[in-house]
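The values are calculated or read from the model by the stated rules, or taken from the named source; none is laboratory data. Remember, predicted model here, so these are calculated numbers, not experimental data. Every residue, glycine among them, receives a Cβ derived from its backbone with ideal geometry; neighbour counts consider all protein chains shown.
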Amino acid sequence: MLRKRMLYLFVLIIVLIILSYVIGYVVAMKSEPYDFVVKFIRNNSYLYNNIGKLKRIQLTFFGYLIRYEGPHGYAEYKISVEGEKAKGKVYVNIEKIAGIWEIIKANLILNNGQTILLK
């Protein structure tokens, strides 16, 4: 009986951990910094020149770190992109100072391994 309870407790804890991460992922995709990064990606001419017209932008499942409150904050994203010519991942670090988000660093790593500085 004790083993059964321990198993149920273990399964419950695992389900809660997975559920909390899925909820965090959805919240991250609906956040202000994520919207800022997506706009940056959509309007970046270096990205367009290297992968072509964007067909898909997708936040990777374990690809984010967000810390912000009020006028200050920091976020990191790993976003999969697919264009007409190529695919890759965009790594972006942003910072919010005095209420304004700014790109600190942004790189595109193509699937062939080539790295392109976006900012």
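Scanning the stretch 33-48 for residues that are crowded, with 16+ Cβ neighbours inside 10 Å and either without any contact (Cβ under 8 Å) to a residue 24 or more places away in the chain or closer than 21 Å to Y74 by Cβ (or both) yields a total of 8. If you scan the stretch 55-85, which residues turn out to be hydrophobic (A, V, I, L, M, F, W, C), out of contact with any Gly (no Cβ under 7 Å at 6 or more places or on another chain) and at pLDDT 90 or above? Selection gives I57, L59, A75. If only residues of the stretch 5-32 that are of a type in the set (D, E, K, R) and closer than 24 Å to K78 by Cα are counted, the one that is surrounded by the most Cβ atoms within 10 Å (Cβ to Cβ) is E32.
Within the stretch 72-110, restricting attention to residues that are small (G, A, S) and under 15 Å from A28 (Cβ atoms), the residue that is surrounded by the fewest Cβ atoms within 10 Å (Cβ to Cβ) is S80. Taking strands (runs of 3 or more DSSP E) as the structural unit, those lying wholly within the stretch 1-118 and holding at least 3 residues that are out of contact with any Phe, Trp or Tyr (no Cβ under 8 Å at 6 or more places or on another chain) and not hydroxyl-bearing (S, T, Y) correspond to 54-69, 72-83, 87-97, 100-110.
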